[in-house]
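No value in this document is a laboratory result; all are computed from the given coordinates. Note that this is a predicted model, so its numbers are computed, not measured. Neighbour counts run over all protein chains shown; Cβ positions are idealised from the backbone, glycine included.
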Amino acid sequence: MELSINGKKIQVEVEKTMPLLWVLRDELNMTGTKFGCGISACGACTVHIDGKAQRSCIYPVAAAEGKEVTTIEGIKQGETFSAVQQAWIKHQVPQCGYCQSGMIMAVESLLAENPSPTQEEIGQSISNICRCGTYQRIKEAISTAIDSLQPEETIETVNP
Amino acid sequence: MAKKFGRRAFIITGSIFGGGLAVGVGGLTYVNRKLKQFPEFGTPDGHTLNAFVHIQKNSRVTMAIARAEMGQGVSTALPQLIAEELEVDMSQIDVIHPQIASPYANIGGLPDLERDPYNEKFNLQAKIIGFLPLLFTGGSTSVPDAYTHLRVMGASAREMLIQAAAKKWEIATSDCYAENGHVVNKNSQEKVAYGELAEAAIAEKPPKRPPLKPRSEFKIVGKPVDRLDVPAKVDGTAEFGIDARPEGLLFAAMKHSPVIGAKITGVKNKEEVLGMPGVKKVVQIEEGVAVVADNTWRAKNAALKLELDYDPQGNETLSTEGIKTEFAAAFAKEPTLTAEEEGDVMASLETAARVVEAKYEVPYLAHACMEPMNCTVLYNKDAGTAEVWVGHQAPSIAVWRVNDALDIKAEDVTLNMKYLGGGFGRRGEPDIVSKAARVAKEMPGTPVQLVWTREEDMQNDYYRPLVLSNFKGGLDASGKATAWHNHMSLQSVAIDSFGRAFPSLVPKPEDDIGSAEGAMHLPYDFGTRKVDISLLENPVRLGFWRSVGSSQHAYFTESFLDELAAAAGEDGYTFRRELLVKAPRFKAVLDRAAEMSNWSQPLEEGRGRGIALHMSFGSIVAEVVEIILVNETDIKLDKVYCAVDCGLYVNPQIIEAQMQSAIVYGLSAALYGEMTIKDGKFKQSNFPNYQMVKLAQMPHIEVGIMENEEQPGGVGEPGLPPIAPALCNAIYDVTGKRIRSLPLKNHGFKFV
């Protein structure tokens, strides 16, 4: 079957039911997307399907046919980190770092859909698990990313 | 349980600890071994000045950091120490993980360690650890081990570069100084980059005692510099053990025995499983059966289909209730040992105006690192060598297990240390490495990556022990504590874990005071005290879990202390403070936390707060938790104020992150954590039934770091012990309900 991953067309020959996670990691050696629980409970495997966050450990690869798959490897534009990644660096979010690909993918998707989410909306949307407990800095980084993503003329009206 | 031990480890530890030291570990001091006996590392066009510093031709500096990066920030904090003295900017540093060698041994965990690295009488244990050599990352020891040694390494390399420059210019070394990766000629202001001096510098003798900067001149140490590993951890390029992709890699999944400690005797349906898509091999080992396939998912699906025959070793009736009953029965008998005793507690209790009694308990806990256990091994049968890719806290022990499994020598194993997706003590155990090696042995010439599912990971952990602790405290007529008796009943982590790694080091039960780690040496002036331990044997495998004994004992002691405070009619802060007359350092930390939380100001209706204080791994931490009672059962964690005294420190932003991290890890345990056993099997298997704190429940954590010149303490673990008692004391404050067992979810509370 043919997949489109980070803008590139890629052919894979696997079972239609194989979760996208294992196609990425083991067939394509794209290891930025992580395995955490296998049952969509932790979010370490989060990717985007047509721009929307999707936990890839339970997402059959056949469902991705004809759609655009984006992984953590596709977030950086050339050498430039995205606004979310820059906020992550500014606030020094990662510790072990294992969950952070999934966290960043979840936040990228949230902010694309809702550029100024409330704390409650952030809490409901970002249900990924981080065993290092980086949540406080994640919250701070999300606030910074929200600010930097606002069109310039509206910055003064943004409520942090 | 596999009772296979590294021959090498056994022979060496056996001969050293069992019957006199017959190996040549004398001669060089520890620091000189780092300066003079080291492996080459770094780029071919560069030059290695000592075990830690390699100058590349382009003047970038490669630093050998032999501690595992598991999130705690060692791959930044340790380079900071070298860079400070070497006079290089953090942006000029590349970090590599060196092969196992003597200069990289970790002596930071030794008690009463002589901090002068030049001391010729450096203690015997340090020499033995260096000789083995024993490399490990744990016990919050990385900075205590490195704080002086690594600055000496940076300073020594700097002086060698200065000596080389002085020769080049034909001037005195006193006419040169180092600055930002260059040596500068004081007279001419001419500069030469380290990269141009390195070749000449390696011929220079390391100075006897290079001068170390006074703290007042530090530009990098003690400053909140950015972590070196962050960029790779935001774009998916950081490589963890599970990301190893050597050429020709195959993947393996495993099914362990369903019953704790059972031994596999056969596979009912081997042919059926061999016929499944992508399956290459089915390998039976003592503890389970692995399926090797061309993809992790195919391997996992095939492993799930395995039908195992096993001998349950009599453990099929094991249950949490049964274990608790057995542990509780020990209270009626004489304790195995008394870990600590001061004065006559029993007499003091008899004369006390008031005696308070309480029984506490905690359950087994799994580590649940985000990255499930995994290890990749390539066995080259013909050459008698092996290559290993793993993120591990104890690489020496990991390699000994590979030696055992493949019957090859330690020096024939190449270990590629990867980032650890969490460690927390779990990755100090070599079980996954041993199992991966035994599977790879059946696939010579092909690298095999063994990955456990979350379920296998959670149900085959080395658990934080189930512990019961019974307290009696006495108060005099004025409400002052006069007696403290703690009698605990538990299985020993040290006996279980050392029994696997260093059988000759296993303490006898009657000597195992370590089981009371965190319950002894409390800073409070009780007048009389006694800490008794009843040790029991049990087939559940135990391991070191973030902050180890302190993780449960601080919950017990700091909760019971609050019970005494309540009985005396005092608040937790004042009651503790009055007992800290002989412990000014503790008092200062407690005061700081109280001050940060505005303790003296009354709370609004519906809010509660609690305080706790504990020292572990050389650092003192006090925490105040403030909660909101939303309704009878719903609690909102609002704020945590955390004051930490870790002595001389390296990176305050990493310390802040580690305090937050330990607090969240401790909160997940306090709110939700329990591994329970029924019919010999663990009931919990994945995050839905072994829950974690998530972003929505996150309290705001404020961290304050004490400024002093005390010896550097640990940072990765000490933030954890006070959080459960501070939280439970806050719950008492607002509900009047005393929580004497964890997790809190079993008391009907929900966290919103």
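Restricting the count to DSSP beta bridges whose residues both fall in chain B, what percent are antiparallel, rounded to a multiple of 5?
Values: 84 of 115 bridges.
About 75 percent, rounded to the nearest 5.
In vacuum, with every alpha carbon of chain B counted as one equal point scatterer, what does the Debye formula give for log10 I(q)/I(0) at q = 0.05, 0.10 Å⁻¹? Two decimals, please.
Here log10 of I(q) over I(0) equals -0.27, -1.07.
With an 8 Å cut-off on Cα pairs and a minimum separation of 6 or more residues, tell me the relative contact order of chain B in percent.
Details: 1692 pairs, mean separation 104.1, N = 752.
Relative contact order, chain B: 14 percent.
Mind listing the long-range amide H neighbours of residue B:635? Cut-off is under 5 Å, sequence gap 5 or more, other chains count too, H placed in the peptide plane at 1.01 Å from N.
Distant-sequence amide H within range of residue B:635: B:630, B:750, B:751, B:752.
Rounded to the nearest 20 Debye, what is the dipole magnitude of the range A:1-93 about its Cα centre when Lys and Arg each give +1 and Asp and Glu each give -1 at the C-beta? Each step should come with its number before you reach the end.
Details: 10 positive and 10 negative charges, 73 e Å.
My answer is approximately 360 debye.
Among A:96, A:127, A:46, whose Cα projects farthest towards the positive end of the dipole of chain A, with charges put on the beta-carbon of Lys, Arg (+1) and Asp, Glu (-1)?
In chain A, that residue is A:96.
If you take the charge dipole of chain B about its Cα centre, with +1 on Lys and Arg Cβ and -1 on Asp and Glu Cβ, which of B:712, B:428, B:242 is farthest toward its positive end?
B:242
Compute from the Cα atoms of the range B:337-394 the Rg and the Dmax, the latter being the longest Cα-Cα distance, and quote both in angstrom.
When restricted to Cα atoms, the range B:337-394 yields Rg and Dmax of 26.3, 77 Å.
Give the average, rounded to an integer, of partner chain Cβ atoms located within 10 angstrom of each Cβ in A:28-37.
Details: counts 0, 3, 2, 9, 6, 1, 8, 12, 9, 11.
Average per residue, whole number: 6.
Which of B:401, B:215 has the fewest other C-beta atoms within 10 Å, and how do the rest follow up to the most?
Working: B:401 30, B:215 10.
Ascending number of Cβ neighbours within 10 Å: B:215, B:401.
About its Cα centre, what dipole magnitude does the range A:19-160 give when the only charges are +1 on Lys and Arg Cβ and -1 on Asp and Glu Cβ, stated in debye to the nearest 20? Don't skip to the answer; put the middle values down first.
Values: 10 positive and 16 negative charges, 132 e Å.
Here the range A:19-160 has a charge dipole of around 640 debye.
Pull up the cross-link candidates among the lysines for residue A:76, meaning alpha carbon to alpha carbon under 24 Å and not fewer than 8 places away within one chain.
A:8, A:9, A:34, A:52, A:67, A:90, A:139, B:233, B:418
At q = 0.16, 0.21, 0.22, 0.24 Å⁻¹, what log₁₀ I(q)/I(0) does the range B:675-730 have when each alpha carbon counts as one equal point scatterer in the Debye sum?
Results for the range B:675-730 at q = 0.16, 0.21, 0.22, 0.24 Å⁻¹ read -0.84, -1.07, -1.10, -1.15.
Once the cut-off is 28 Å, how many percent of the Cα-Cα pairs in the range B:596-752 end up in the long-distance tail? List each step's numbers first, then the result.
On the way: 2926 of 12246 pairs.
Every Cα pair in the range B:596-752 considered, those over 28 Å come to 24 percent.
Take every Cα pair under 8 Å in the range A:13-160 that's 6+ residues apart, average their separations, divide by the length, and report that relative contact order as a whole percent. Let's see the in-between values first.
Values: 207 pairs, mean separation 34.8, N = 148.
Value for the range A:13-160: 24 percent.
List the lysines whose Cα lies under 19 Å from the Cα of residue B:263, skipping any in the same chain that are fewer than 8 positions away.
Within the straight-line cut-off, residue B:263 pairs with B:3, B:4, B:255, B:305, B:435, B:678, B:681.
In bins 20 Å wide, starting from 0, what share of all Cα pairs of the protein assembly as shown does each bin hold, as a percent?
Reading upward from the zero bin: 14, 45, 35, 6, 0.
Just order B:101-109, B:569-577, B:707-715 by mean Cβ neighbour count inside 10 Å, highest at the front, would you? Could you put the intermediate results ahead of the total?
Working: B:101-109: 23.0, B:569-577: 19.4, B:707-715: 17.4.
The most tightly packed comes first, giving B:101-109, B:569-577, B:707-715.
What fraction of the DSSP beta bridges in the protein assembly as shown is antiparallel, stated in percent and rounded to the nearest 5?
Values: 96 of 129 bridges.
The antiparallel fraction comes to roughly 75 percent.
I'd like to know which of B:336, B:278, B:266 lies farthest towards the positive end of the charge dipole of the range B:238-341, counting +1 on Cβ of Lys and Arg and -1 on Cβ of Asp and Glu.
So the residue we want is B:278.
Among the DSSP beta bridges whose two residues both lie in the range B:358-447, what percent are antiparallel, rounded to the nearest 5? Each step should come with its number before you reach the end.
Numbers: 5 of 10 bridges.
Of all bridge pairs located within the range B:358-447, approximately 50 percent are antiparallel.
Residue B:267's amide H: which non-local residues (gap 5+, or another chain) put their own amide H closer than 5 Å, with H modeled 1.01 Å from N in plane and none for Pro or chain starts?
B:309
Over the whole of B:298-309, what's the average partner chain Cβ count within 10 Å per residue? Rounded to a whole number, please.
Counting Cβ atoms of other protein chains within 10 Å of each residue's Cβ and averaging gives 1.
Could you run the Karplus curve 6.51 cos²θ - 1.76 cosθ + 1.60 with θ = phi - 60° over the range B:408-413 and give me ³J(HN,Hα) per residue in whole Hz, x for Gly and Pro?
Each residue's phi maps through the Karplus curve to give 10, 7, 4, 6, 9, 10 Hz.
By how many degrees, 0 to 90 and rounded to 10, does the Cα axis of helix A:135-149 deviate from the longest principal axis of chain A?
Relative to chain A, helix A:135-149 is tipped by roughly 80 degrees.
Charges at C-beta only: +1 for Lys and Arg, -1 for Asp and Glu. How large is the resulting dipole of the protein assembly as shown about its Cα centre, in Debye rounded to 20?
Working: 93 positive and 114 negative charges, 303 e Å.
Charge dipole, the protein assembly as shown, about its Cα centre: 1460 debye, nearest 20.
Using only atoms on other chains, find how many Cβ atoms lie within 10 Å of each Cβ of peptide B:223-229 and report the average. Could the numbers behind the result be given before it?
Numbers: counts 0, 1, 1, 3, 6, 0, 4.
Taking the mean over all residues of the peptide, I get 2.
Could you quote the convex hull projected area for the range A:68-160, Cα atoms only and averaged over all directions, in nm²? Spell out each step's value before the answer.
Details: hull surface 25.9 nm².
Its Cα hull, projected and averaged over all orientations, spans 6.5 nm².
Determine ³J(HN,Hα), in whole Hz, for all residues of the range B:78-83 in sequence, where each value follows from phi through the Karplus function 6.51 cos²θ - 1.76 cosθ + 1.60 and θ = phi - 60°; x replaces Gly and Pro.
These are the phi-based 3J(HN,Hα) values: 5, x, 4, 5, 5, 4 Hz.
List, in order, the whole-Hz ³J(HN,Hα) value for each residue of the range B:141-158 obtained from phi through the Karplus relation with A = 6.51, B = -1.76, C = 1.60 and θ = phi - 60°; use x for Gly and Pro.
Here the 3J(HN,Hα) series is 9, 4, 6, x, 5, 8, 3, 8, 4, 6, 5, 4, 5, x, 5, 5, 5, 4 Hz.
What number, in percent, do you get for the relative contact order of the range B:451-534 if the mean sequence gap of Cα pairs under 8 Å and at least 6 apart is divided by its residue count?
Computed value for the range B:451-534: 30 percent relative contact order.
Could you tell me the distance between the Cα centroids of the range B:655-710 and the range B:30-83, to the nearest Å?
Centre-to-centre (Cα) distance: 33 Å.
Quick one: net charge of residue B:710's neighbours, Cβ under 9 Å, K/R +1, D/E -1?
-1
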